[in-house]
Structure formats: C-alpha cells, structure tokens
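The values are calculated or read from the model by the stated rules, or taken from the named source; none is laboratory data. Predicted, not measured: the structure shown is a model, and the values here were computed from it. Every residue, glycine as well, gets a Cβ built from its backbone with ideal geometry; the counts of neighbours run over all protein chains shown. Just the protein is used for accessible areas: all its heavy atoms, side chains included, with ligands, DNA and RNA removed. Shrake-Rupley method; radii C 1.70, N 1.55, O 1.52, S 1.80 Å.
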Amino acid sequence: MKKFLQSIAVIAVVLLSPLSMSGQSKNFETGRMMEIQAMILRTLESQYVDSIQISKLLKVGIDKMLETLDPYTVFVPEEDEEALEMMSTGSYGGVGAMIQKTPSGPIMITEVYAGSAAIKSGLEPGDLILAVDGTSTDSLTVSQTSSKMRGRASTTVRLKVQKGRTGATEELAVTRDVIHVSDVVYAGMVNDTTGIITIGGFTYGGAKEVREAVISLKERGMKRLILDLRGNGGGLMAEAVDILSIFLPKGTHVITSRGKNPEMFHEYFTEKQPVDTDIPLMVLIDSGSASSSEIVAGALQDLDRAVIAGSKSYGKGLVQSISAAGYGSSLKFTSAKYYIPSGRCVQAIDYSNRNENGSVGTVPDSLKREFRTLSGRVVYDGGGITPDLEFEPRFMSRAFIALLFSGAPDNFAIEYYKKHPSIAPADEFVLSDSEYDDFVSFASQVDFDVRTQTEIELEALIEKAQKEKVFQHKPALQEQMKGMLDSLCVSKKDFLYQNKDLIRSLLQDEIAEKYYLKWGSTQSSIRWDELIFSAMEKWDNVKLK
C-alpha cells in the first residue's frame, strides 16, 4: 500500500512539474522584460543625446502596449478623470455649450444644452467668446477654451461675450453647473398611435428618463412604440438592463457576462416592474449601434419582444471595467464578453487572433453559429444584430459628406438664427425656396470638394495611363476619357441644386436645433426619415411568435 502511494506521488510530481515550470517560465519572462525596460530607460535618461521626459516616454509605451489588445482598453491619467466621469455618467461640470474657432480668431458658441448654465446666462448660438477669465480667446484653441470653461459645479467663470444678434459686448459671470446630457434625445408621436423615443446613450439615470418618456407617451394615446438606437454607441450595461425591464416581466433573464476571471460571470435579470409587456415594439439600429444598444436590441429580438429594423449593428460584445491604476489614474479594460438570452455573443471582431501584421479581422461566416429565439426563429452570433426588417443604409455621396465637414450648413444656420428672432415649431418649419437660394450663394463661397468618387478614380486612371504612355499612340482615347471627365464635373451651385431636397431637410434640422436644441432637431428630422416610415409599413409583416 505504501509503495502504491509512493508511485501515485511520483506520477503527480511528473504531471504537475510542466505546469509549475510553465508558470515559473512565464513569470521569469515577464520579470526579464521589465528589467530590460528599466535598463533601457536608465540608459536613455543618462546618455541619450537630447533631453527627454521619461514620464512622457512611459505614457506612450503604456498607450501603445494597450493598443495591441483592443481599442477599448485604455489608460486614463488623473488629469482626464473628467472624461472618465463623462463616459460613465453623461455629466460634467461646466457651462454647457458647444464651441468652434472662427477664422477671425475668437471662439463662437454653436449650440447650447437644455437646462445648462449657458442658457441661464443668456448665451446663444452665434455669440462670440472674446475672453475667458481675462484671457483672450484669439490665441486659444477650442480645446484650451473648453478646458478653461469647464470646472467644478458652483464655481464661477468670467466670460467676455459679443452677442451675435446685436453685436453688443457683455461681461458675464457664469456659475458652472453639473451639465447632464440626457439619454432621451427626443420623445414624441410619429402619428396618432405611434410613439418614438430616440436614445442617444446609456449613462447613469438614463433608463429612468426612458421609463418616464414611455409613461408620458402612453398618456398621450400611444398604442405602439419605436425605440431609435441608431448611432447609439452604448454605455452602462446596468442602464440597458433597466431599459429592458420597462418592456419585460420582472425576473426575465436578459444577459450573461463571462470572462477569464470567474468573478466576471454574472447573470442579469430585470429587477423592476415593467411599464408595458404587451405594447408592440420596434427597435431601429444601424452600423453605429453598439454595445449596450446591441444588448437592448438583441435581448428584445431573442425574446421575440420587438421587431428589429434598419441595418446590421456594429458588433461589440465586450464588457469594460474600470480599475484604479495608482496616483489618481485608472485603467479601463475589457474584462468579459456578454451573451444575450439565446446564448449568442454579437462580437464581430476577433482581437485575440491577429494577423501577422497585427491587423484584426471579423469573425468569418464559416465560424458563425446558429441560435434560436424564444419562439424558435433562427439568429446568428459573431456579427452584430441582423434586423428582422433589413434596409440599405441611406447613401451619402462623397460631395455631400464634404459639404457637411465644411461646416457650411451649421454656419448658415447660425447666421439664420442671428437674423430671425423666431421660427415655426420644429416639426412645421420649412426653409423657403428663396432662403435656400441664400444658402446656395453662402455655400458656394465655402471650400469643399464636389467631385464624385467616380471622378476621382477616373482622374487617377488618366494620370496612370499618361505615366504608362498609353495615350502615346492612342490620342483619341485620351480625348474620350477627358471628355467623360468633363461631363461628370459639376459646379458647387449645380450640386447644391441637384441635391436640394436632401440638403434642405438637413438645413431645416440644423436651424431647428439653434432654436429648439437637440430635441427640436430630432423632431424636425423625423419628417424626412425614410427608414421610419418604410419600417412602419412593413411592421405587421414580421411574425414574432
């Protein structure tokens, strides 16, 4: 018996030795590399030809190191604590205004937030901020000005302002406030029976705002509801669970998280009493819908509680945690993956298996697995949420995008705001033909590229053909291709009139925002939103059960 036990002990030692050696080898390699790094830094500090900041070098090293993992694992230094708070709560201390640099030097207010210190102080779009606490903004960047305007709530910042509408100069003492950007961007009725709630994020307290909006719309006669999550990049998982609790019975399992650390295994259930578990529900998503947006859309799809419409979502099935990293800094890192009720994970990009050049790819179709919703409908993992009603994303031409980035629509809206004390309600306001002519004259003076992608590629082809001497013996071909290019070219004015309907609707939204803030801009845009009305027409065609 004794000999038998000795044999067992020998076998155990043989089996465990590789594991122990493996652990020791891994620890040795880590220690070796850290020692090498310290030696390199000491050498650079004492012998490098120019003076260097070791702390800056280390910060770059940390950032680059974390970049090799995924885009969501980042180091947050103490000075960026405010940004971390904004990410998690949607709140910060400040004035509550968006600003931009003007060509003449000063900073201009382009937008103010609802209930903000800016509104309480009478600041408006088009106002110029000439100085902040005595410092002229002529030499300040937007980031520097914003930093000076932000600060702890209840403190005061002194602004020298030139009013956009009157030109008068004022000295204002603005008391900073806690600026909270509401998750509910808009809540209203599309028609007599259909309500819509546009959700911009998932920050602390956002689910409560959504719950209140649902109750309010039901009191107005809502019989079915659209949740618009397009462009919503996500946020707090707990808020996503609380939004699901509005429409699902209390105690419904909606999400599971799993990570390498067993402590990251969590099953989440709705904990609050629902508002309505029967109201017909539609969720709008697109490629900008990610993370918590996909939790809400995916869980409602898996449980056959809502029709999902739009285009495929982004595909982020990763959970981030925040851990103290010392000296007031933090590490935001990916700690788990989440799985919606059917058992699928929507993560589309495989960061754990990189190509030799360090790039990452999406999960191939061959590795995507089939899952079933509660009623047996087929859904798949590994690539975001595929809508039940799928629509092609609205095409935006290269020239239209260039127009947006030129700032012409926003700047025209500010000029319009300066000249008109009021406008019709946001859902009724229409820019007249003569006013659109004014925009064409305004935008024609702005530098933006109206070339189509076809023109650019044809130009490149002609240039390449010239280098390869293709036209040397075929001059007629060169003339034909140049003729094609000339026929494709349009002036800015022609482009603006050819796309009048689309651009005018954009302008109306921009102008409505100056008078009625984000709420008004969204209310205005619903009138022209083809996806909403197309999806409503096909809503009843989707059988969930």
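So here's what we get for this one:
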| quantity | calculated |
| --- | --- |
| Filter result for residue 213 (buried (at least 22 other Cβ atoms within 10 Å of the Cβ) and within 22 Å of the chain's Cα centre (by Cα)) | no |
| Verdict on residue 248 being closer than 15 Å to residue 276 by Cα and part of a strand (DSSP E or B) | no |
| Pick from the range 360-389, criterion open to solvent by 50 Å² or more (accessible area, probe 1.4 Å) and small (Gly, Ala, Ser), ranking: nearest to residue 534 (Cα to Cα) | 375 |
| Residue among 434, 487, 505, 524 that is at pLDDT below 95 and more than 30 Å from residue 302 (Cα to Cα) | 487 |
| Count - residues of the range 136-153 that are in a loop (DSSP other than H, G, I, E, B) and farther than 14 Å from residue 96 by Cβ | 3 |
| Criterion (under 30 Å from residue 65 (Cβ atoms) and touching a residue at least 24 places away in the same chain (Cβ under 8 Å)) met by exactly one of 352, 330 | 330 |
| In the range 1-39, the residues that are modelled with pLDDT of 85 or more and open to solvent by 90 Å² or more (accessible area, probe 1.4 Å) | 32, 33, 34, 35, 37, 39 |
| Selection count, the range 300-323, where residues are within 22 Å of residue 225 (Cβ to Cβ) and not charged (D, E, K, R) | 10 |
| Whichever residue in the range 466-520 is among the small types (Gly, Ala, Ser) and free of Cβ contacts under 8 Å to residues at least 12 places away in the same chain and, among such residues, is farthest from residue 426 (Cα to Cα) | 476 |
| Unmet criterion (only one of (1) under 21 Å from residue 203 (Cα atoms); (2) in a helix (DSSP H, G or I); (3) of a type outside the set (Lys, Arg); (4) open to solvent by 50 Å² or more (accessible area, probe 1.4 Å)) for residue 263 | (1) |
| The range 162-181: number of residues that are within 18 Å of residue 102 (Cα to Cα), open to solvent by less than 60 Å² (accessible area, probe 1.4 Å) and either in contact with a helix residue (DSSP H, G or I) (Cβ under 7 Å, 6 or more places away or on another chain) or outside any loop (DSSP other than H, G, I, E, B) (or both) | 1 |
| Matching residues, the range 313-346, being open to solvent by 20 Å² or more (accessible area, probe 1.4 Å), within 30 Å of residue 388 (Cα to Cα) and in a loop (DSSP other than H, G, I, E, B) | 314, 341, 342, 343 |
| Pair list, Cβ under 7 Å, 6 or more apart: the range 227-249 residue among the small types (Gly, Ala, Ser), other residue buried (at least 21 other Cβ atoms within 10 Å of the Cβ) and part of a helix (DSSP H, G or I) | 234/292; 234/293; 235/292; 240/292; 240/295; 240/296 |
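Residues checked against (1) out of contact with any helix residue (DSSP H, G or I) (no Cβ under 6 Å at 6 or more places or on another chain); (2) assigned to a helix (DSSP H, G or I):
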site: 448; (1), (2): no, no
site: 455; (1), (2): no, yes
site: 477; (1), (2): yes, yes
site: 482; (1), (2): yes, yes
site: 496; (1), (2): no, yes
site: 502; (1), (2): yes, yes
site: 508; (1), (2): no, yes
site: 513; (1), (2): no, yes
site: 518; (1), (2): yes, yes
